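Working notes, beginning with the structure itself.
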Ligand SMILES: Nc1nc2c(ncn2[C@@H]2O[C@H](COP(=O)(O)OP(=O)(O)OP(=O)(O)O)[C@@H](O)[C@H]2O)c(=O)[nH]1
Ligand SMILES: [Mg+2]
């Protein structure tokens, strides 16, 4: 099937065309980049909701319930789970870490699992492109679940229009751990597993932190208690998400977010493509990991590598891509 047909079909909401496109995007095929060029103008329409938090806090269960409430409005949506633990599968199978219920058989909810391993410095880029493709296809919202640990995950969450950080009671130390990275990107907090003791303590810990570090935009992130397994608090969570979206829909705020997101996307793509190209050209047949290992063993030094890359690179002038 030619690309134009796939793009047209995808834009008209065809689920099979979407599934094929997503697989191509995940595999970073040359055709996928040509398709992404055509799709870019159609992106930025829907809402992207990031859901992040430590392993096991109930993100997937919560996403499942949240997806169900959006689905009841009648639109089609998507869930992307970034799974840091499973080996690279090409995203073809659902890891058992995605605990989606009956929704998995509903074509109105497109679900993909992305594995962290196997991407050369480009998980953020690949995930961003998958999310953009879903957005172009009219999936709204696109909910992205990530475990909030590494830089990649933080990068991914930052493309979201609204970020929900999920915590669970009895994880007091975790609030401290999250503080450095994920805490400051939380637009909404969900204290899940609120059927367990320690909800108030957790709430106070979050409030204390918010007081210490108020946000420059003046938004005070709401804290919502949920019991995902019991479908409790889901409407309140959705309302909190909606409130933030209304406030950040102010044109100047929205444009500022879009600029930041555009910058990140460009950097992520450049990093992915330039890194691959650089390593391939100076160390044919080697992987980035092998080069990094050689550096760790002091068999290579980073200065010579960078010097070689910069010296041998030719940066052509901008020409409209074919
Ligand atoms: N008691 C209780 N258990 C819950 C709740 N929500 C989820 N769980 C359980 O917690 C476990 C982990 O839930 P997941 O939804 O897979 O958590 P996750 O954060 O997506 O986990 P990872 O993707 O592995 O990081 C499962 O056994 C859920 O049934 C809740 O509100 N209360
Ligand atoms: Mg999960």
Response to the item:
Going from the fewest other Cβ atoms within 10 Å to the most, one would list 5, 76, 226 as 5, 76, 226
Response to the item:
Between the alpha carbon centres of the range 198-226 and the range 25-71 the gap in Å comes to 26
Worksheet item: Can you sort 219, 318 so the residue with the fewest Cβ neighbours within 10 Å comes first?
Response: 318, 219
Practice prompt. Rank the residues 167, 212 as a footprinting-exposure proxy: fewest other Cβ atoms within 10 Å of their Cβ go first.
Written response: 212, 167
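Values in this text are rule-based calculations from the coordinates and carry no lab data. What you see is a predicted model, and the numbers here were worked out from it, not measured in a lab. Reconstructed Cβ throughout: ideal geometry from the backbone, glycine too, with neighbour counts over all protein chains shown.
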